[in-house]
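Below is one structure, written out as structure tokens; the observations come after it.
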Amino acid sequence: MTELVQQRPGPESVTEIEAPLEVFDEHVRPVRRRRDFGALFGVVWIALVALAALLAGVLPIPDPNEVTNSFSAMPSADHLLGTDAIGRDVLSRIIYGARVSMAVAIGATSLSLLIGVTIGMVAGYFRGAADATSSLFVNFMLAFPPLIFLIAVVTALQPGLLTLVVALALVGIPNFARVARANTIAFADREFVTAAKALGARPLRILTRELLVNVMLPILSLALVVMATLVVAEGSLSFLGVGVPPPTPSWGGMLAAGRESLSEEPQLVLVPALFFFLTVFSFNRLGDWARGRVGRESSI
Amino acid sequence: MSTGTEPYVDDVVVDDAGQQESFLEVENLRVWFGTPRGMVRAVDGVDLQLRKGETLGVVGESGSGKSVLSRAIMKILAPNARVLDGSRIRLDGVDLATVNPKKNRHLWGVDLSMVFQDPMTSLTPVITVGKQLTETLRYHLDLDAKAARAEAVRLLRLVGIPEPEKRFDQYPHELSGGMRQRVTIALAISCSPKLLIADEPTTALDVTVQHQILNLLRDLQASSGMSMILITHDLGVVAGRTDNIAVMYAGRVVEMAPTRRLFSHMRHPYTRALIDAIPKLDHPSHTRLASIPGRPPTIVDPPPGCSFAARCPSAQDRCTKETPTLVTTPDSERHSAACFFPLGTPEGDVARRRNIEAGVTAAGTPVLSGVTV
Amino acid sequence: MAGSGTAHLRDEDDIVLSVRNLTVEYVGSRGERVFAVSDVSFDARRGETIGLVGESGCGKSSVAKAVMQLPAPTSGSIVLEGAEIAGVKGAALRRQRRKLQMIFQDPISSLNPLRKVKDIIAEGLRVQGGTSKKEVAARVQSMIERVGLDPDTAADRRPHEFSGGQCQRISIARAMVLDPEVLICDEPVSALDVSVQAQIMNLLEEMKERYQLTMVFIAHDLAVVKNLSDRIVVMYLGKVCEVADADDLFASPAHPYTRALAQSIPEPDPEAQIQEAALSGDLPSPLNPPTGCRFRTRCPLAQEICATDEPEVREVRPGRFAACHFPLDESATDEPPLDASADLDHSAERAVVA
Ligand SMILES: Nc1ncnc2c1ncn2[C@@H]1O[C@H](COP(=O)(O)OP(=O)(O)OP(=O)(O)O)[C@@H](O)[C@H]1O
Ligand SMILES: Nc1ncnc2c1ncn2[C@@H]1O[C@H](COP(=O)(O)OP(=O)(O)OP(=O)(O)O)[C@@H](O)[C@H]1O
Ligand code: SF4
Ligand code: SF4
Ligand SMILES: [Mg+2]
Ligand SMILES: [Mg+2]
């Protein structure tokens, strides 16, 4: 038997280096990731639509506003998806129409994400007056039926793509603000935020360096769902004739135009409707998948 | 504390209880988990015996498999667990694997019962304490409402809850952590189980409350004669309160002995290291602690060799190539250890001296000169 | 117990941190006042470690946070190297933060899960400014190494890839990279296994020696606190009970609460005598603390005076400070004083801490 007590080495001695670092695997989560075919389809479909919208100018398709004299034709080699009531190529109009949908999906969502997250994070972090003001705004926005709000805004302003994007962005803001606020409150309680304060970090730095990344995960999954909603909203507005003004092609406008001859030429409604459905479905499935990965607790 | 490892003395303990039959027998228990990274060998060949009315302490670091072992005995393993062939758990002579899953409910509470670390996991937050107790009592013991209530109040008083009639109608969140743990203990003993498994029952509690709860468990056991398994990572908790101790490391039992013997004739270097790492109240302040270098090994497809070799100050070449099995020590039938170079034996002393002189073990770990011989 | 008073404060030149009459009150969820810390004082010499022990909910973390000004205490004075920091704000406080750092209990939640280890450790230097990018990188590198991690593999990983003990090493590096004067450790080893606990405790001791650190070390494990501390402050329900040198405190407690704590420690020795209920009941609610001595609802020595007069911290033996009307003497037994009044109705006041 010798000493149980070890001598403390002098301050110069090197701290024992831990065993070689390997990824911490003591508590492996037993989840087996199942392949989500819906989400996989979503990625492919949205990539296709976005690509087509982007490349519309260089694709070998006729001008979307070029009028031929085969009216409401069924699909043929010349017109892969047929023509509409005044003889324009449907495929071309679908592809150019995708530009509107994508501009709305990406432009309006980004804009409302930017504003909504800023409002939500400031409200959630500072609470107090900032929180009260922003909840007032958010609740005010939520109190309007969105479609009525949109029609009011769009009719009051100059019609056009930009107006549409701005109006739709406004509609999306409360969603982002709410989720951002809830997540900011949850993370602001964590000790790493206290630690940052202890280091002397200012609020802006804490918001951007510590909180933003953590809040963005659930926000990005929400963004996909919001995209779906906004695409639908844009369709509804164009359908009602207050979206992008004709002759600019848009899916909602095509639906509206085809509505009059629904019984005789159902394809004029069915084709844009199908594109609509698949796009919205894709965004929603991707959103679900993303939310599943982020974890339930952080959404709304 | 005099827990030094005595030289290889011949104080063969008179094993008067040796003949008595084991109440719980675990034989070659292997529980593996299928994960994306491979098979996690959480429990990998455990043998245990526990006699009627006795308390077995199970100690080991986090991840050593203590909870999986107790869940395997309780038959409440996670769905991805695989109990390998050849594993056997017998309770009072009955092989638990043969118990029809439908009858498990009658096993729980009546034969086997468990207290968890976090009392909230075994209490339903939306049901009053009294209702949870009476429901269990009525299900298992077939009592009418009035009798169940009387029995529940008696149990609450038994576990030291003041004003049990008042507490009866409270919800778990209205109680302090210590009180909640008392309620879970009341639930666990409500049907007079023959074996109580307490999985870290006091880890979440303060020292003063821990002391009360451990004393309560001891008193309940003394009056009911049940057997008990007390799981903890704190050797201090089991030292004064168990008859036998099993030390687990990386899914295996590496040393098992009657409590007093374990502390006086420690054979396994890991047990020694575990004790040395604890700060002691009777050491002067600023005493440097003998920490165990590194951390527990991965238990996904472990390589051959002793699982403690990378951290063991006695490790020799043999330890990195062969896996030691749990064998009885020659001087006591009830003391076994899984080590090629046990402490307090001539070969163990030689091995450790050699490493100290070389300054490094066969596994390449530096040995500080202050390490206990 | 449970006293106010400053008799235990030292009037010496090398006092680095001095906390006086610290009070922390919270507003609870229903608007009620929570008396978390009431009139606590202590001080620390340069290079000294002050241990803070007590049961869960006695206000240890509240003291730590108040000293850190996170948030500022309800009242009281905190003097760091001669400068008052209580109530200081803005840039002045930011400068003081460099000297005052903290390590938290939960190794996982105290690190941002989405930032790389090197960024987590560099944060303090970047926030404080005045260090070139190159120097930041060099200091982070050497600090990672100094806390026992491998800089090549650890720097670019994120916290979830590390075990609890390794995360605590990262926390220590984050605090130490600023080269603080005072390090406050709020239960840094409570969430760790014994073996990892020993590694972290040894690391803290090394850091302390290397950097001449003054530490405030909080834990509920008495043996852990004793091992690291020079002087120990025992707290109960937001008040100071007893202050003594680490080596003397548990050998001969002067305060009944300290004795109860000491008797509750599970010793890793099968021969050790196990005490019957060292302390019964629960901690009373800080919403409505008992009058007089806050420990009286559980104190075996309580007398009538304990309910009416609050004991002040006073020197009960040379170098030993306790807040008790009937301090134990050095050869204390468990016997209560002869006229112990059994008629004090304790149970009514045993409010449950929900
Ligand atoms: N359902 C599961 N799937 C995969 N691995 C698991 C599962 N349950 C447990 N494990 C693994 O089994 C090993 C043993 O776990 P166990 O919970 O028994 O440890 P323990 O000794 O109780 O530790 P602690 O002191 O932390 O409670 C761990 O490595 C753990 O990650
Ligand atoms: N933000 C808060 N709002 C209201 N009450 C609080 C708040 N923080 C702490 N408390 C209360 O103040 C008291 C002291 O809490 P504190 O966290 O300081 O105790 P502690 O000694 O650190 O306990 P533990 O050992 O559990 O960490 C407790 O009763 C607690 O419930
Ligand atoms: S001496 Fe060898 S067999 Fe024994 S514990 Fe150490 S490494 Fe394992
Ligand atoms: S004797 Fe009185 S003053 Fe001293 S601790 Fe007990 S109750 Fe408090
Ligand atoms: Mg466990
Ligand atoms: Mg605390």
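The values are calculated or read from the model by the stated rules, or taken from the named source; none is laboratory data. Given the structure is predicted, the values throughout are model-derived calculations rather than measurements. Please note: Cβ atoms are built from the backbone with ideal geometry, for glycine as well, and neighbour counts cover all protein chains shown. The area values use the complete protein model at the heavy-atom level, side chains included, leaving out ligands, DNA and RNA. Shrake-Rupley method; radii C 1.70, N 1.55, O 1.52, S 1.80 Å.
Okay, here's what the table says:
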read-out: Degrees, to the nearest 10: A:128-143 long Cα axis against longest axis of chain A; value: 30 degrees
read-out: Listed residues B:P162, C:N202, B:P297: farthest to the positive end of the dipole of the protein assembly as shown (Cβ charges); value: B:P297
read-out: Radius 12 Å from Cβ of B:V327, net charge of other residues (Lys, Arg +1; Asp, Glu -1); value: -2
read-out: Shape box of the range A:70-199 [Cα atoms, principal axes, largest first, Å]; value: 73, 33, 19
read-out: Dipole moment magnitude, nearest 20 debye, the protein assembly as shown about Cα centre, only Lys, Arg, Asp, Glu C-beta charged; value: 3220 debye
read-out: Degrees, to the nearest 10: B:207-224 long Cα axis against longest axis of chain B; value: 70 degrees
read-out: The range C:1-46 - percent of accessible surface contributed by carbon and sulfur, probe 1.4 Å; value: 42 percent
read-out: 11 Å beta-carbon shell around B:K280, net charge (K/R +1, D/E -1); value: -3
read-out: Protein accessible surface hidden between B and A, which excludes ligands and nucleic acids, total in Å², probe 1.4 Å; value: 2200 Å²
read-out: Per-residue average of Cβ from other chains inside 10 Å of B:293-299; value: 6
read-out: Choice from B:L216, B:L69, B:L112 with maximal GNM fluctuation in chain B (Cα, 10 Å cutoff); value: B:L216
read-out: Calculated FRET efficiency for the pair C:E81/B:A150, C-beta based, R₀ 41 Å, to 0.05; value: 0.05
read-out: Charge context of B:Y171, other residues only, Cβ under 14 angstrom, K/R +1, D/E -1; value: +2
read-out: Between the range B:57-89 and the range C:40-74, the Cα center-to-center distance that results, in Å; value: 42 Å
read-out: With DNA, RNA and ligands ignored, accessible area of C:D221 (1.4 Å probe; Å², nearest 10); value: 60 Å²
read-out: Among the listed pairs A:K197/C:K116; B:K103/B:K166; B:K52/B:K103; A:K197/C:K133, those beyond 25 Å (Cα-Cα); value: B:K103/B:K166
read-out: Given charges at Cβ of Lys, Arg, Asp, Glu: chain A dipole, positive-most of A:A186, A:T83, A:F37; value: A:A186
read-out: Separation in nanometres of the label points that stand 7 Å from Cα toward Cβ, at A:L55 and A:T118; value: 3.6 nm
read-out: Share of Cα-Cα pairs in the range B:127-193 lying beyond 16 Å, as whole percent; value: 35 percent
read-out: Estimated FRET transfer efficiency when R0 is 60 angstrom, pair C:E276-A:A132 (beta carbons, to 0.05); value: 0.60
read-out: With all protein chains modelled, accessible area of A:I151 [1.4 Å, Å²]; value: 60 Å²
read-out: Helix B:346-358 axis, angle to chain B major axis (alpha carbon atoms, nearest 10°); value: 70 degrees
read-out: List C:D11, C:D309, ordered by accessible area with a 1.4 Å probe, largest first; value: C:D11, C:D309
read-out: Label-to-label distance, nm, for residues given as B:L141 and B:M120 (7 Å Cα→Cβ offset); value: 3.0 nm
read-out: Sequence-distant residues sharing a close amide H with C:I103 (under 5 Å, placed H); value: C:I184, C:C185, C:D186
read-out: Pairwise burial C:A, computed as accessible area of each alone minus the pair, summed, 1.4 Å, Å²; value: 3300 Å²
read-out: Chain A: calculated mean residue ellipticity at 222 nm from DSSP helix runs of at least 4, using -39500 (n - 2.57); value: -20000 deg cm²/dmol
read-out: Kyte-Doolittle mean at least 1.0 and Cα axial length at least 15 Å: DSSP H helices in chain C; value: none
read-out: Long-range tail of P(r) for chain C (Cα pairs > 38 Å, %); value: 19 percent
read-out: Volume in Å³ per residue [convex hull over Cα atoms, computed for the range A:187-266]; value: 130 Å³
read-out: Computed accessible area, B:V237, all protein chains, 1.4 angstrom probe, square angstrom; value: 0 Å²
read-out: nm² value of the averaged projected area, convex hull over the Cα atoms of the protein assembly as shown; value: 50.7 nm²
read-out: Stokes-Einstein D (µm²/s) once Rh is taken as the Kirkwood radius of the range C:152-202 over alpha-carbon pairs, at 4 °C in 1.567 mPa s; value: 108 µm²/s
read-out: Trypsin sites (Lys or Arg not before Pro) restricted to DSSP loop in the range B:11-118 with at most 15 other C-beta within 10 Å; value: B:R37, B:K52
read-out: Residue-averaged [θ]222 nm for chain B, counting only DSSP H segments that reach four residues, each worth -39500 (n - 2.57); value: -9000 deg cm²/dmol
read-out: Dipole of the range C:115-195, positive end: most advanced residue of C:I120, C:P188, C:C167 [Cβ charges, Cα centre]; value: C:I120
read-out: With eigenvalues of the C-alpha gyration tensor scaled by 5 and rooted, chain A, Å; value: 51, 25, 15
read-out: Förster radius 30 Å - calculated FRET efficiency between B:V300 and A:L48 (Cβ-Cβ, nearest 0.05); value: 0.15
read-out: Label-point gap, in nm, between B:D85 and C:A138 - each point 7 angstrom along Cα→Cβ; value: 6.5 nm
